[in-house]
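Worksheet for the structure shown next.
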Amino acid sequence: MKNIFKLFSIIVLFCFTTAQSNSAEKVDYLKTDWSFKGLFGKFDRGSLQRGYQVYTEVCASCHSMKYLSYRNLGEKGGPEFSEAETKAIAASFEVTDGPNADGEMFLRPAKLSDKFVMPYENVKAAQAANGGAYPPDMSVLVKARGGGVDYIYSLLQGYEEAPSGMALDDGVYYNKYMYGNKIKMAAPLSDGLIEYGDGTKATVEQMSKDVTTFLMWAAEPHLEARHQMGFKAIIYLIILTILVYFSMKKIWSRVESEV
Amino acid sequence: MSDHDYTPSSKVGKWFNDRLPLLTLANHLTDYPTPKNLNYWWTFGGILTFCLITQIVTGLTLAMHYIAHADMAFESVEHIMRDVNYGWLIRYIHANGASMFFLAVYIHIFRSLFYGSYKSPREIIWIIGIIIYLLMMAAAFMGYVLPWGQMSFWGATVITNLFSAIPLVGEGIVTWLWGGYSVDNPTLTRFFTLHYLIPFLILGLVVLHIWALHVPGNNNPVGIDIKKPSKDTVPFHPYIVIKDGFALLMFMIVFAFFVFYSPNILGHADNYIEANPMVTPAHIVPEWYLLPFYAILRSVPDKLLGVVAMLSAILILAVLPWLDTSKIRSAVFRPLYKQFYWILVADVLILGYMGAMPAEGLYLLIARVATAYYFLHFLIILPVLGFKEKTLPIPLSITESVLGGSPNLATVKNKESLEK
């Protein structure tokens, strides 16, 4: 039995060290309490709804979210807007549909089943409007960056005066968390930039946290279901393991040997 | 194959068994005499079977929803993650399952190295195992390409480009592999086809692996030949079944932790960026389980020789039964080999770490030393050690061992230290 514990702990240790060494490039990101971390982590509903507001009023003018549909906003485990609210949100956007019976394309209000409307026709148009830089799609952005949520959260608050001696071209900004410290996105947030529907004070910090929470959900819409199922699965496995352990002891007691 | 005659008790059973002896096979598998002193390092064979079946079942399900097309692959993976019922669960099991598979196979291989399981009469089991391992690497590499993220694309580009090192025909082979002049849609579709095929080849080889095992029977921690069946053995069922089951459950707890609580920690963030042939990632790194070989590849300054070194590092294992000249199997009775064994383990871990680091400066130097040592171990140390080493006395049987009658490895070890 001692051996199995040794073996078990070696495996766990090994897993963690490989995981650690894989997440290279350590930077001290700004920290905040994320409600969705940990064994029982869940999204903060209010934060998700505010985060959606930040996204749609600030980010969405340049950043697409092409893998999300309006219906997702009302689904369980997400911002959970009511059905009426979700429909109203969808209807506030216009999508091109068609062709109709006359062979013409036409505009209509978006429905729940429509994907989020893209800010630009295509990548080239997006680059042309942003000084050659393509504002990345935000659907899985959190998972596509090494630092994850901490990186996005820090980046949004990382705008500073460039250190003396660092020359910045037009349309390039200094950000202390950006790889290479140069970013083509101007500081997107400023205190009081938007007015939250629920009366929360819209500081840069608050908005950064809310929109990052929203992006985390966008990248992992089933995170809550995953945490809940994971807890059940692991408890189940542990109980089963204990039962099998005692069965094994019983069976092996017939032969003179130590298991 | 069977060591005994078996007659089914029912008439129908007998009628069927006379025509196709499936019941004899089942009886052989349950009665299969297994050394009773097997420790938990021996449970990884069963765990690996579980891993293979898990990968095949989840893989089949994913293939029902995945679209192997350069323009749609990335999107179809997101579709699986978002809209397919429990698609996120199936994909995360499959992705982390690959890592778990390799974790288990490395333990399985290093167990074999420690206890000398590759030695006569088990060379064929070992060689089949090496072929399985090679196929696993091919399957894992191609599987990593399928989501068509940045690491998929650039990993595929780097690895397929290795073939261009072959003199004269190299470039032609690379174009042929790609199905074009760069990694593109034809590459993706053929990788998908092969990724689908290889697991079934592995499954077939696993059957041969087990068949070949059942001829001489299991090696054991003491490494001596045992009579079977005898009081040194227990029937596979229920003794080994329940023990393997217990170990498998422990393994599944680790597995579940990754799937449910950090499903992306073993992957690379860049693979959530859709493949873009115009943008090269800052560091192109393979998955963790290929890193030691990646380090060997990069530590040789010449491209062709690097590829040769990398391939030799794997293929050298196939001739291991003849490189190791010692007649004693288990490292328990080989005090010197035991030390070199742990140095080799450390060496491979160091190589793995260096594979993840940029190939420059001190990292490169350490990787070169570690690469040299890797080959030194197999080509010089092992053959010489077999002649020079003074081994400890070996017990005559597991039960009535000269070391005090205990089949327990810990007792054997204690005894050893007492004798010093």
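Here, each number is a calculation from the coordinates, and none is a lab measurement. None of the values given here were measured: they were computed from a predicted structure. Quick reminder, even Gly has a Cβ in these numbers, built from the backbone with ideal geometry, and neighbours come from all protein chains shown.
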CD proxy, 222 nm, the protein assembly as shown: helix-only mean residue ellipticity via -39,500 (n - 2.57) per DSSP H run with n ≥ 4, per residue, nearest 500, stands at -17500 deg cm²/dmol
Taking 22 Å as R0, compute the FRET efficiency from the Cβ-Cβ separation of B:V158 and B:L315 and round it to 0.05. 0.60
Taking Rh as the Kirkwood radius computed over C-alpha pairs, what is the Stokes-Einstein D of the protein assembly as shown at 25 °C in a medium of viscosity 0.890 mPa s, expressed in µm² per second? 86 µm²/s
Restricting the calculation to Cα positions, tell me the Rg (one decimal) and the Dmax (whole number) of chain B in Å. 23.7, 75
In peptide B:258-266, what is the residue-averaged number of other protein chain Cβ atoms found within 10 Å of each Cβ? 6
So which aspartates and glutamates can A:K176 reach, going by Cα to Cα under 15 Å and dropping same-chain residues fewer than 8 places off? A:E25, A:D28, A:D150, A:E160, A:E161
Under 17 Å from B:K36, Cα to Cα: aspartates and glutamates that are on another chain or at least 8 residues apart: A:E256, A:E258, B:D225, B:D232, B:D244, B:E400
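Sorting B:K303, A:K124, B:K36 on the 10 Å Cβ count, fewest up front, what's the list?
Working: B:K303 14, A:K124 10, B:K36 23.
Ascending number of Cβ neighbours within 10 Å: A:K124, B:K303, B:K36.
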Working out 0.36 nm times the residue gap between A:K249 and A:Q228, then minus their Cα-Cα distance, what length gain in nm do you get to one decimal? 4.3 nm
Segment B:241-260 residues near the modelled B:D31 label - backbone nitrogen below 19 Å, point 7 Å along Cα→Cβ: B:241
Taking 28 Å as the cut-off for C-alpha to C-alpha distance, list the pairs among A:K31/A:K143; B:K14/B:K119; B:K119/B:K303; B:K14/B:K231; A:K249/B:K390; A:K87/A:K184 that go past it. B:K14/B:K119; B:K119/B:K303; B:K14/B:K231; A:K249/B:K390; A:K87/A:K184
Estimated FRET transfer efficiency when R0 is 56 angstrom, pair B:K228-B:A165 (beta carbons, to 0.05): 0.70
Please list the equivalent ellipsoid semi-axes of segment B:1-160, computed as the square roots of five times the alpha-carbon gyration tensor eigenvalues, in descending order and whole angstrom. 38, 23, 14
The correct pair for segment B:260-374, radius of gyration to one decimal and Dmax as a whole number, both in Å and from Cα atoms, is 17.5, 57
Most exposed first by the Cβ proxy, i.e. fewest other Cβ within 10 Å, how do B:R190, A:R254 rank? A:R254, B:R190
Taking all pairs of distinct Cα atoms, average 1/r, flip it, and tell me the Kirkwood hydrodynamic radius of chain A in Å to one decimal place. 21.9 Å
Cross-link reach from A:K111 to aspartates and glutamates, straight Cα distance under 14 Å and at least 8 residues apart if same chain, gives A:E83, A:E85, A:E94, A:D97
What nm distance separates the two modelled labels at B:Y181 and A:A88, each placed 7 Å from Cα along Cα→Cβ? 5.7 nm
Here the gain from full extension of A:Q127 to A:I194, 0.36 nm per residue of separation minus their alpha-carbon distance, amounts to 21.5 nm
When B:L266, A:L243 are ordered from fewest to most other Cβ atoms inside 10 Å of their Cβ, what list results? A:L243, B:L266
Given H placed 1.01 Å from N in the peptide plane, which residues other than close sequence neighbours of A:V95 have an amide H under 5 Å from its amide H? A:R108, A:A110
Cα axis of helix B:44-63 to longest principal axis of chain B: angle in degrees, 0 to 90, nearest 10? 30 degrees
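Please average, across the residues of B:271-282, the number of beta carbons from any other chain that are within 10 Å of each residue's own beta carbon, and give a whole number.
2
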